[in-house]
Amino acid sequence: MRSLQDIRGCLVDLDGTLVRGGHALPGAAAFLDELDCRYVIVSNNAEHTPLELSRGLRRMGLVVAPRRIVLAGTMALDEIARRRPRARIAMLASRSLCLYARERGLEPVTERPDVVFLGRDRHFSYRRLTQTANALRDGAEFVVANPDHVHPGPDGSVVPETGALLAAILACTGPVPHRIVGKPGPVLFEAGLALLGLPRHAVMMVGDNPATDGEGARRIGLRYFELRGGVYPSWGEGVPCRAQAGMVALTA
Ligand SMILES: [Mg+2]
């Protein structure tokens, strides 16, 4: 196990790591303070823009600039806009992501889309399921913000996520090609690393989910700290022992 002393920045998960059920977790603000801007939040969030999320975090007492936030939903739309400028896109997503798609030059439609984008669509319905399944049968490209079935809610409850909607769609279509942008895929990690401007051997992923945070970090060769029992990594007084106790996977 390598020391934390050569870690110069972190990629940090959001839900279950910094916040839960609309509240900051105890110690989250102090942890970000200790990182002193040497971090980027990488989240499978498929509903908000970085600006919205920054404002929401501020209300919870976490001051994070939008430029330090990389989200699966907006990253997916950025990528679609780059690859397929002005594409007709069916948006199964929040209102703010629909606006974001327009700002990127995409054209939200409900019929004959070139691309179907699936985010955490709280207005998902039988009608949307029908439209989507048939658009995919007709050959539309399918881009999914994240594979998560749920994320943690308050008091141990679960909040349905994008992957649960994906399962409903695939139940109708059978196996169809689709691209999943969020963790554990490399897109968010690579974007976060680029923003940090640090070599990957000097960066650690901090998260609560071994299947997404841990597996994604392993795939691209980042060290991984798994949050357990609310204990954050700490470099205080040059003693990384608290972090060592919670570190469950290292790649070097
Ligand atoms: Mg999490």
*Hey, among the residues in segment 198-213 that are open to solvent by 20 Å² or more (accessible area, probe 1.4 Å) and touching a residue at least 60 places away in the same chain (Cβ under 8 Å), which one's farthest from the ligand (Cβ to nearest atom)?*
His201
*Scan of segment 134-188 for residues that are among the polar types (S, T, N, Q) and surrounded by 14 or more Cβ atoms within 10 Å (Cβ to Cβ), ordered by number*: Asn146, Thr162, Thr173
*Filter segment 226-252 down to the residues that are assigned to a strand (DSSP E or B) and at pLDDT below 95, then identify the one that is nearest to Ala24 (Cα to Cα).*
Val231
*Here are Pro50, Pro85, Pro66: which of them is open to solvent by 20 Å² or more (accessible area, probe 1.4 Å), in contact (Cβ under 8 Å) with a residue 12 or more places away in the chain and either in contact with a strand residue (DSSP E or B) (Cβ under 6 Å, 6 or more places away or on another chain) or within 16 Å of the ligand (Cβ to nearest atom) (or both)?*
Pro50
*Show the residue pairs that are 6+ apart or on different chains and have beta-carbon atoms under 7 Å apart, the first residue being within segment 90-119 and free of Cβ contacts under 8 Å to residues at least 24 places away in the same chain, the second being part of a loop (DSSP other than H, G, I, E, B) and open to solvent by 40 Å² or more (accessible area, probe 1.4 Å).*
Glu107/Arg86
_Restricting to segment 118-133, name every residue that is open to solvent by 40 Å² or more (accessible area, probe 1.4 Å) and under 25 Å from Asp213 (Cβ atoms)._
Arg122
_Pro147 being assigned to a loop (DSSP other than H, G, I, E, B), under 24 Å from Asn209 (Cα atoms) and not acidic (Asp, Glu)_ = yes
*asked:* Looking at Met60 and the list (1) within 16 Å of the ligand (Cβ to nearest atom); (2) surrounded by fewer than 21 Cβ atoms within 10 Å (Cβ to Cβ); (3) in the same structural domain as Ala194 (by TED's automatic domain parsing), which single condition is not satisfied?
replied: (3)
*Quick one: would you say Leu166 is more than 16 Å from the ligand (Cβ to nearest atom), in contact with a strand residue (DSSP E or B) (Cβ under 8 Å, 6 or more places away or on another chain) and closer than 26 Å to Arg8 by Cα?*
no
*Can you pull out the residues in segment 187-197 that are away from the ligand (no atom under 16 Å from the Cβ) and either within 26 Å of Leu25 (Cβ to Cβ) or in the same structural domain as Asn146 (by TED's automatic domain parsing) (or both)?*
Val187, Ala191, Leu193, Leu195, Leu196
*Restricting the search to segment 1-22, which residues are within 16 Å of the ligand (Cβ to nearest atom), of a type outside the set (D, E, K, R) and surrounded by 12 or more Cβ atoms within 10 Å (Cβ to Cβ)?*
Cys10, Leu11, Val12, Leu14, Gly16, Thr17, Leu18, Val19, Gly21
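The values are calculated or read from the model by the stated rules, or taken from the named source; none is laboratory data. Here the structure is a predicted model, which is why all the values come from computation and not from measurement. Reconstructed Cβ throughout: ideal geometry from the backbone, glycine too, with neighbour counts over all protein chains shown. Heads up: the accessible areas ignore ligands, DNA and RNA and are worked out on the full protein's heavy atoms, side chains in. Shrake-Rupley method; radii C 1.70, N 1.55, O 1.52, S 1.80 Å.
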